[in-house]
1. Quick one: what Rg and Dmax do you get for the stretch 21-111 from the alpha carbons, in Å?
2. Okay, which of the stretch 91-111 sit inside 18 Å, backbone N to the point 7 Å along the Cα-Cβ direction of Asp33?
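Derivation of every value follows stated rules applied to the coordinates shown; laboratory data play no part. From a predicted model like this one, the values you see are computed outputs, not experimental measurements. Reconstructed Cβ throughout: ideal geometry from the backbone, glycine too, with neighbour counts over all protein chains shown.
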Amino acid sequence: MAHRDAARLIAGLSTTEANTDRFADAMIQALLDAGFPPRTAAWANWTVFHLILGITQEQQAESTETVGLAAAFDDAEFPALRAASAYITAGTFDERFEFALGMQMAVSKAELVRTVHASGDGGCVLDELRVNSYEWL
């Protein structure tokens, strides 16, 4: 949060810079080392990168308008939003980020296990054990 509105400034711009490329390379390499196919590793990296940008932009744009937002949903027009309204702005940005990242990693792990099973190479148990050894998955 040291550079207010930085996420907004780079939203929609090319983010191909040396530092972002180093981060992407390290993340994709970690996913490849864990056994992910290149497409899944690349798309998981893209998803996490844009999650970080998006939640940073939301956090920087937060205002008093979000206070009471949940009460603004009409039961008839937005029944699902109304039912979940207590949780839409609940918690901290850090809590919601960790939840979203955990969801992404769970989906990535499931994709890896599915890919290994689909390959029929007989190494499923070994590969699942290897995947489960990565705490961040």
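1. Reported Rg and Dmax, both Å: 16.9, 50.
2. Residues passing the 18 Å test: 109.
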